[in-house]
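Right, one structure below, let's go through it.
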Amino acid sequence: MPRRLFLATVFAACAAAPAAAQAPAPKLLVFITVDQMRPDYFTRWPGQLTGGLARLWNGGAVFTNAHQDHAITETAPGHASTMSGRFPRSTGIVTNLTGVADPQARLVGAEGVGASPFRFRGSVLTDWLRVKDPRTRALSVSRKDRGAILPLGRAHQTVLWYGLNGTFTTSSYYADTLPAWVQRFNARRLPQGYAGRAWTLLLPESAYPERDSVPVESGGIGFTFPHVVPADPAAAARTFAEYPFMDELTLAAALQGLREMELGTGPATDVLAISLSTTDAVGHRYGPDSREIHDQVLRLDRALGAFFDSLYAVRDPATVIVALTADHGVSPYPEVADPAHAAAMHVSDATLRAWGWEAAARYGVDTSAVRLDDSGLLQLDSAVFARAGRDPRAFARELVAHAATVPGVLRADLVSDLPRGDTVNDAITRRWLHMLPRDLPYYATFTLRPGYAWGNRPYAEHGSPHDSDSHVPILFYGAPFRPGMNAEFARTVDIAPTLARALGVSPTEPLDGHVLTAAFR
């Protein structure tokens, strides 16, 4: 045989072998994001998790050293990175405030600010699936608009989130009317039915080592069990997100949608994305060391257990894969973590902002040209500075020099200096570089010391580049994945390419993430 023909035959055989051995692609991907879920919640209370969280932890491919590897660890940037495989510098979703709010995309059947993914850049896993087979369908459900919208990118699929009137809504970006099955689900008025009901401990009180008398929790109001839902049905609907029952409602809506849309039964792989937000609400209000977060995680575990039981009763487990992660972690209350120094651990962003406005007056520019937010970002309107004949870079340098003297500020950096930093050993530099699109007018970044918080808000915080806020779980569960613990460094941007490998699809653009090969059998 001629050498050229021999090599062609060998190459063809090598290319065909994996395809011949590859199992059929799963029919359904269930992608779960637990808002503010810390990895230590899986192991902090041995023997107490017996439901869905335990099922994934014990039977899945678990990455224990996983991070949202960007600086502003908030809900919107976190949700935008997981299914896109790209950092905020690529998705364009930098903060919650610049996430999905869109007055042109009115809500359907609810009151409030409209929402859409118009700021989102690029593609997500659902798009890659549809390139392979346009019959792929997707449903995304969350309590939060950004939690529902951003995992699906700009896709015009079925996207639902909770409205303050107690119903699931969408926006005119997706549809002018709610699907009939959503209208029927809303008509049951389930949140209003919880009016007057008490959130009590799931287990005997002796199972909870946490004190139930920490005045810093909940702003010093209503910080002990039981926590009672308002007796007025309308008020119950408005405050429903603060109680564990919200996760149960979200999962019930997701299951109803799965059945009504017949997800996982068609010729292509379908996607069910679920973002569960109660852990975030409880974690903010009571803190990650509270008895409330302990009970919330237990209830989440049981709710997910019931969800998986119902899911596998109607779909063959061999055709379903599950992934779970979080959009960010959370830091403890300074008053709980270090009571002796708590007062100094609250850094006044208002004082720093006022100094910036005074500097703006010296530069002869309007204060509206200077935006310093509590995400640690300085934005400057270069056109205003140019009209005043002043250099915005000089202004940024002056503010950086001042901020470095403020107690509690760990570092202040010019964005232009970050590319010269050590992105291997310096996680903060790396995460800020992963954060900022080059075409947006960010001039400086400010990072507080670990455990410190901007302002004196009466709730536990996240949003920093430190590991307490960036450390999240990453789990893959299902036939393609090898159960076990993996200690290698992983990022949430690695989730989408890993799922793409499992589903046999290719990304349609360059990604920041890579395949976590250790996840596979």
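Some notes on this structure:
- Only one entry in S213, S206 is within 23 Å of D301 (Cβ to Cβ), without any contact (Cβ under 8 Å) to a residue 60 or more places away in the chain and loosely packed, with under 12 Cβ neighbours inside 10 Å, namely S206.
- Count - residues of the range 216-232 that are farther than 12 Å from D295 by Cβ and in contact (Cβ under 8 Å) with a residue 60 or more places away in the chain: 6
- Screening the range 281-324 for residues that are part of a helix (DSSP H, G or I) and of a type in the set (S, T, N, Q) and picking the one that is nearest to the chain's Cα centre (by Cα) gives Q296.
- Qualifying residue in the range 331-351 (condition: within 30 Å of L263 (Cβ to Cβ) and hydrophobic (A, V, I, L, M, F, W, C)): no
- Matching residues, the range 95-114, being modelled with pLDDT of 95 or more, among the hydrophobic types (A, V, I, L, M, F, W, C) and closer than 20 Å to D327 by Cβ: V100, A101
- Matching residues in the range 264-280 - criterion: being surrounded by fewer than 24 Cβ atoms within 10 Å (Cβ to Cβ) and among the aliphatic types (A, V, I, L, M): A268
- Any hit, the range 235-247, residues being exposed (fewer than 14 other Cβ atoms within 10 Å of the Cβ) and either touching a residue at least 40 places away in the same chain (Cβ under 8 Å) or over 17 Å from A460 (Cβ atoms) (or both): yes
- Counting only strands (runs of 3 or more DSSP E) wholly contained in the range 430-521, the ones carrying 3 or more residues that are within 20 Å of the chain's Cα centre (by Cα) occupy 471-477, 484-491.
- Tally, over the range 305-335, of residues that are among the aliphatic types (A, V, I, L, M) and either crowded, with 18+ Cβ neighbours inside 10 Å or at positive phi (or both): 8
- Filtering R491, R482, R431 for residues that are crowded, with 23+ Cβ neighbours inside 10 Å, among the basic types (K, R) and in the same structural domain as N65 (by TED's automatic domain parsing) leaves a single hit, R491.
The values are calculated or read from the model by the stated rules, or taken from the named source; none is laboratory data. Computed from a prediction, not measured in an experiment: that's the story for all the values here. Reconstructed Cβ throughout: ideal geometry from the backbone, glycine too, with neighbour counts over all protein chains shown.
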